[in-house]
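A quick write-up on the structure given underneath.
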Amino acid sequence: MRCSCLGYNKAMEDHFAPVGWLQEAGYKAYLVGNQSRNAVSGKSYSAQDIDIATSALPSETEKILLQRQIVPARVDVKFGVVAFLWQDIDYEITTFREDTYDPQFNHIRRTPINIAFHQDIKADALRRDFTINAIYWNPKSNHFFDPVGGIKDLENKVLRFIGEPEVRIKEDPLRVLRAIRFKYSLDLRYAPSTLKALIKYGKLVHKLQPSLLKKEFNKIQNLPNYQEAKRDMQRMGVVLKV
């Protein structure tokens, strides 16, 4: 779909150039995360961490970067991630993939038992946590691919898990804290099924390593509306001393 929202302009051109590099090499490439959300919302562009989803494999992405004398800071072949610093901005380029978790959840944050790279962007969308994080934006054409209704949820200010909320939390309990952070940083409200699952399984965050919790908790603590977010945590049985 095409959206009458923030388009591709000269101010963005340099920072979004890696999307074009991948496309020129014959691969699909989209911006995801905060950049695509800002585009939908019509917010002014500001240089931030940039996440790109692509059909290119890590080795193919790395080759494209090296051709431009950019040496990746990290290449994680298993997860399909190539990270690099360019023009003082941190980039992560991730191959479309499908994640499969052990159905016998132990509530400890684990890596998926199987990761399969895909040409199908919809498979990549279905592995993500919230619909608003599965909006794919081609900045050059200003076209969006929105397989799980993230644009509608963002416009309606709704935070909704992709798929079954209880399963998504059991896959990774850190998503409880991410939900709280997104709600209060983006001024959203929980979808009813999302809120029900968060209240039921919020305590699972205590199974996670303190270092993981501290990193996410610090982001929440730095929000201007932290006291409201804190009340949500208490409602969900999340009591952090990190």
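Computed from the coordinates by the stated procedures, all read-outs in this text should not be read as laboratory data. Note that the coordinates shown come from a computational prediction; the quantities given were computed from them, not determined experimentally. Note: ideal-geometry Cβ built from the backbone for every residue, glycine included; neighbour counts use all protein chains shown.
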Task: Cβ-based exposure ranking for Arg160, Arg68, Arg235, in which fewest neighbours within 10 Å come first - done: Arg68, Arg235, Arg160
Task: Pairs of lysines in the stretch 134-242 (C-alpha under 16 Å apart; 8 or more residues apart or interchain) - done: 21
Task: Label-point gap, in nm, between Glu60 and Lys28 - each point 7 angstrom along Cα→Cβ - done: 1.1 nm
Task: Nonlocal amide H pairs with Leu159, under 5 Å, H built at 1.01 Å - done: Arg189, Tyr190, Ala191
- [ ] Kindly put Ser211, Ser193 in sequence by how many other C-beta atoms sit within 10 Å of each C-beta, fewest to most.
- [x] Ser211, Ser193
- [ ] Report the local net charge at Thr94: Lys and Arg +1, Asp and Glu -1, summed over other residues whose C-beta lies under 12 Å from its C-beta.
- [x] 0
TODO: With a/c under 1.5 counting as rounded, go ahead and sort the chain into rounded, prolate or oblate using the C-alpha gyration tensor (a ≥ b ≥ c being the square roots of the eigenvalues; past the cut-off, prolate if a/b is larger than b/c, else oblate).
DONE: prolate
Open item on the list: Can you compute the FRET efficiency between Glu164 and Asp14 using 1/(1 + (r/R0)^6), with r the Cβ-Cβ distance and R0 = 30 Å? Round to the nearest 0.05.
Closed with: 0.15
TODO: Report, for the chain, the % of DSSP beta bridges that are antiparallel, rounded to 5.
DONE: 75 percent
Open item on the list: How high is the relative contact order of the chain? Use alpha-carbon pairs under 8 Å, at least six apart in sequence, and give a whole percent.
Closed with: 16 percent
Open item on the list: Quick check: from the Cα gyration tensor, does the stretch 10-151 come out rounded (a/c under 1.5), prolate or oblate?
Closed with: oblate
- [ ] Please give the contour-minus-distance gain from Ile115 to Leu186: 0.36 nm per residue of separation, less the Cα-Cα distance, rounded to one decimal in nm.
- [x] 22.5 nm
Open item on the list: Is the C-alpha gyration tensor of the stretch 157-235 telling us rounded, prolate or oblate? Criteria: a/c under 1.5 is rounded; beyond that, a/b larger than b/c is prolate, otherwise oblate.
Closed with: oblate
